[in-house]
1. Can you go through 8, 86, 46 and tell me which one is in a loop (DSSP other than H, G, I, E, B) and modelled with pLDDT of 85 or more?
2. Suppose the filter is loosely packed, with under 13 Cβ neighbours inside 10 Å and over 30 Å from residue 16 (Cα atoms); does residue 53 pass it?
3. Quick check on my filter: what residues within the range 49-62 are hydrophobic (A, V, I, L, M, F, W, C) and not in a loop (DSSP other than H, G, I, E, B)?
4. What are the residues in the range 79-91 that are among the basic types (Lys, Arg) and surrounded by fewer than 16 Cβ atoms within 10 Å (Cβ to Cβ), if any?
5. Conditions first: (1) modelled with pLDDT of 85 or more; (2) assigned to a loop (DSSP other than H, G, I, E, B). Residue 19 passes all but one, so which condition is the exception?
6. Evaluate the range 63-70: report whether one residue or more is of a type in the set (Ser, Thr, Tyr) and outside any helix (DSSP H, G or I).
7. Go over the candidates 56, 82 one by one and state the one that is more than 30 Å from residue 30 (Cβ to Cβ), in contact (Cβ under 8 Å) with a residue 24 or more places away in the chain and in contact with a helix residue (DSSP H, G or I) (Cβ under 6 Å, 6 or more places away or on another chain).
Amino acid sequence: MTFVTGGGGGFGRRIAGRVATRFGVSVSSVVKWSQRLRATGSVAPGKMGGHRKRVLEPHRAFIVEEIGRTPHLTLHGLKDLLANRGVLVSHNAVWQFLRREGLRFKKTLLALEQARADIARRRRRWRSLQGNLDPGRLVFIDETPAFAGAGSGSRPTWRRCAAGDREASACAALLRTATGAR
């Protein structure tokens, strides 16, 4: 940068203005480049972009140990354990680290509550009473349309029939006779 070195490096606003006019750049560019020359000894641009240092890398062994000790540990719980060690990170930083390292939390087939004595007792009682249920008196309530496509303007392809028959052909026949359509 000729205009920075040509001005001697530490020039005032008036000289910076003349140098800027001569080289067709802004005054602020001349001032910033001269400041960079004084501070670093070079007008070369600084490094742009790159990756941030991974804060949790040094704590990988601790994290793996904690997950092994407490498999149902939540991300927020792990974040709190790290904070107790003086490592302040966000919930997202913990999640990104676990994802990058392949340390994913998987839900088990058996809920942890099922191991509790009171829950196990209630489940045994429920199973013992299931044999007394009369299937003819059970009512199945299908709430699927309430959640699937509700409010999106979609309509079911079937209609309810008098006997609760949902078969499309039977309903179509009933609708034709009821409306007089052919």
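The values are calculated or read from the model by the stated rules, or taken from the named source; none is laboratory data. If you're wondering where the values come from, they're calculated on a predicted model, not measured in any experiment. Note: ideal-geometry Cβ built from the backbone for every residue, glycine included; neighbour counts use all protein chains shown.
1. 86
2. Taking the combined requirement at face value, the residue satisfies it.
3. Scanning the range 49-62 gives 61, 62.
4. Listed by number, the list holds a single entry, 85.
5. Of everything listed in (1) modelled with pLDDT of 85 or more; (2) assigned to a loop (DSSP other than H, G, I, E, B), residue 19 misses just condition (2).
6. Yes, some residue in the range 63-70 is of a type in the set (Ser, Thr, Tyr) and outside any helix (DSSP H, G or I).
7. Answer to the selection: 56.
Yes/no matrix, rows are residues, columns are (1) surrounded by 10 or more Cβ atoms within 10 Å (Cβ to Cβ); (2) over 21 Å from the mean Cα position of the chain (by Cα); (3) at pLDDT 85 or above:
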| residue | (1), (2), (3) |
| --- | --- |
| 24 | no, yes, yes |
| 27 | yes, yes, yes |
| 30 | yes, yes, yes |
| 66 | yes, yes, yes |
| 77 | yes, no, yes |
| 109 | no, yes, no |
| 122 | yes, yes, yes |
